[in-house]
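A quick write-up on the structure given underneath.
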Amino acid sequence: QPSPKKVYVAGIYKTGIEEYDRLFAIGDIRLIRRLNQWNDDQVGGYEVFINDYRETDTLATQLHALESFPATWDAISVRKISPNIFDWLNMQDNTRNVLIGFMVAVALINLITCLLILVLERVRMIGILKSLGATDWTVQLIFLRHSLIITLTGILTGTGLALLLLWLGLGLRGVWLA
């Protein structure tokens, strides 16, 4: 029976995902080899990082099918190890799409309301234009141009404000990281 040796914890990294924090520890490979009484050429596993997470299952199958892949090893996709994280990511995509749909609907309702208010406030102007011989299309063009100016002003102002907030947020993030 080997004698216990002192191990000092240098720091604790918290991912915010309780399951990972309970199951995984990041440590020096030499310490892990010493604790498991492995040789210098033994490891507990390898990680392969890829750019597209959707390719994990096919890559694991291709890796396992290689001739040089040891028979005692197994290639396991991260989707099989932690399927709940990928379910959560898919749910985030659905949530994003629903929120964008609501935002577009609210924006359209606001634009229509703005147009109605413009028309209702300009009833006298419409009457004067019609009495001077303006066609329906001419009156419609006046309101469409006016609504286009309001829409573009709103879009450009909103985009500018969003980019400003993003720039400020990134600047502050750099200050927090420094």
Please state which one of Ile142, Ile128, Ile149 is assigned to a helix (DSSP H, G or I), open to solvent by 90 Å² or more (accessible area, probe 1.4 Å) and under 24 Å from Leu108 (Cα atoms).
-> Ile149
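The rows are residues; the columns are (1) at pLDDT below 90; (2) under 22 Å from the mean Cα position of the chain (by Cα); (3) basic (Lys, Arg); (4) farther than 18 Å from Phe49 by Cα.
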residue	(1), (2), (3), (4)
Glu67	yes, no, no, yes
Pro70	yes, no, no, yes
Asp74	yes, no, no, no
Arg79	yes, yes, yes, no
Asp87	yes, yes, no, yes
Met91	yes, yes, no, yes
Asn94	yes, yes, no, yes
Ile100	no, yes, no, yes
Val106	no, no, no, yes
Where residues in region 16-44 are in a helix (DSSP H, G or I) and among the charged types (D, E, K, R), which of them is surrounded by the most Cβ atoms within 10 Å (Cβ to Cβ)?
-> Arg33
Applying the selection to region 58-86, what residues are open to solvent by less than 60 Å² (accessible area, probe 1.4 Å) and in a loop (DSSP other than H, G, I, E, B)?
-> Phe69, Pro70, Ala75, Ser77, Ser82
Search region 109-125 for residues that are within 18 Å of Leu152 (Cα to Cα) and pair each with any residue that is surrounded by 10 or more Cβ atoms within 10 Å (Cβ to Cβ) and not aromatic (Phe, Trp, Tyr) when their beta-carbon atoms are under 8 Å apart and the residues are at least 6 apart or on different chains.
-> Leu111/Ser147; Leu111/Thr151; Cys114/Ser147; Cys114/Ile150; Leu115/Ser147; Leu118/His146; Leu118/Ser147
Failed item in (1) at pLDDT 85 or above; (2) over 30 Å from Ser147 (Cα atoms); (3) within 29 Å of the chain's Cα centre (by Cα); (4) exposed (fewer than 11 other Cβ atoms within 10 Å of the Cβ), with Glu47 passing the rest = (1)
Condition check for Trp137: loosely packed, with under 10 Cβ neighbours inside 10 Å and either free of Cβ contacts under 8 Å to residues at least 12 places away in the same chain or not basic (Lys, Arg) (or both) = yes
When you look at Glu55, is it loosely packed, with under 10 Cβ neighbours inside 10 Å and of a type in the set (D, E, K, R), yes or no?
-> no
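The values are calculated or read from the model by the stated rules, or taken from the named source; none is laboratory data. Predicted model, so just to flag it, every value in this text is computed and none were measured. FYI the Cβ positions are ideal-geometry reconstructions off the backbone, even for glycines, and counts take in every protein chain you see. Ligands, DNA and RNA are stripped out before the accessible areas are found, and what is left, the full protein with its side chains, is counted by its heavy atoms. Shrake-Rupley method; radii C 1.70, N 1.55, O 1.52, S 1.80 Å.
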